[in-house]
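Colleague: Please find one structure pasted underneath; my questions will follow.
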Amino acid sequence: FRFKDSLAEDLRRADLVISHAGAGSCLETLEEGKPLIVVINEKLMNNHQLELAKQLHRDGHVFYCNCSTLVETLQSMDLSTLKPFPPGQPEKFALFLDKAVGFK
């Protein structure tokens with residue numbers, strides 16, 4: 001599909017997600033607990049998508065590839081090696097901000 005208001009239901013029903021490396025797409029998928037293959041766009045300048053994909057891969061949460069290596073990645077991946085993504089802790093971030101601006 002070209003555009004959809006929300007992918008939440010699709011993510012809940014998915015067994016595997018193949019996505020670009022946008023931070024929102026990655027985090028939404030990982031928070032849903034779904035295995036993720038991130039396909040990077042090599043044409044982007046200052047490729048923050050590649051940086052994010054590499055870090056999530058180093059941490060054991062995703063596989064990543066480019067368009068030309070997607071089939072190879074699908075054939076060789078072992079989903080059992082992926083680690084669950086830890087839940088966010090917004091309260092810790094709020095405490096950090098409070099301390100940083102002098103509220104605590």
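The values are calculated or read from the model by the stated rules, or taken from the named source; none is laboratory data. Quick caveat, the model's predicted, so the values are computed rather than measured. Positions of Cβ are backbone-derived with ideal geometry, glycine not excepted, and every protein chain shown enters the neighbour counts. Note: areas computed on protein heavy atoms with side chains; ligands, DNA, RNA excluded. Shrake-Rupley method; radii C 1.70, N 1.55, O 1.52, S 1.80 Å.
Colleague: Look at region 34-54 and say how many of its residues are open to solvent by 70 Å² or more (accessible area, probe 1.4 Å) and either in contact with a His (Cβ under 9 Å, 6 or more places away or on another chain) or of a type in the set (D, E) (or both).
Modeller: Total satisfying the criteria: 2.
Colleague: Does any residue in region 21-35 that is among the basic types (K, R) come within less than 9 Å, Cβ to Cβ, of a residue that is in a loop (DSSP other than H, G, I, E, B) six or more places away or on a different chain, and which pairs are these?
Modeller: Correct list of pairs: K34/A14; K34/D15; K34/L16.
Colleague: Among V62, V71, V17, V39, which is the only one that is on the phi < 0 side of the Ramachandran plot and more than 16 Å from the chain's Cα centre (by Cα)?
Modeller: Result of the check over V62, V71, V17, V39: V71.
Colleague: If I ask for residues that are loosely packed, with under 12 Cβ neighbours inside 10 Å and either at pLDDT 90 or above or more than 17 Å from F85 (Cα to Cα) (or both), which ones from region 11-32 would you list? Lay out the reasoning, then the answer.
Modeller: To start, the set of residues in region 11-32 that are loosely packed, with under 12 Cβ neighbours inside 10 Å comprises 12-13, 15, 23-24.
The answer is R12, R13, D15.
Colleague: Can I ask one more? So which residues in region 78-104 are part of a helix (DSSP H, G or I), surrounded by 10 or more Cβ atoms within 10 Å (Cβ to Cβ) and either under 17 Å from the mean Cα position of the chain (by Cα) or touching a residue at least 40 places away in the same chain (Cβ under 8 Å) (or both)?
Modeller: L79
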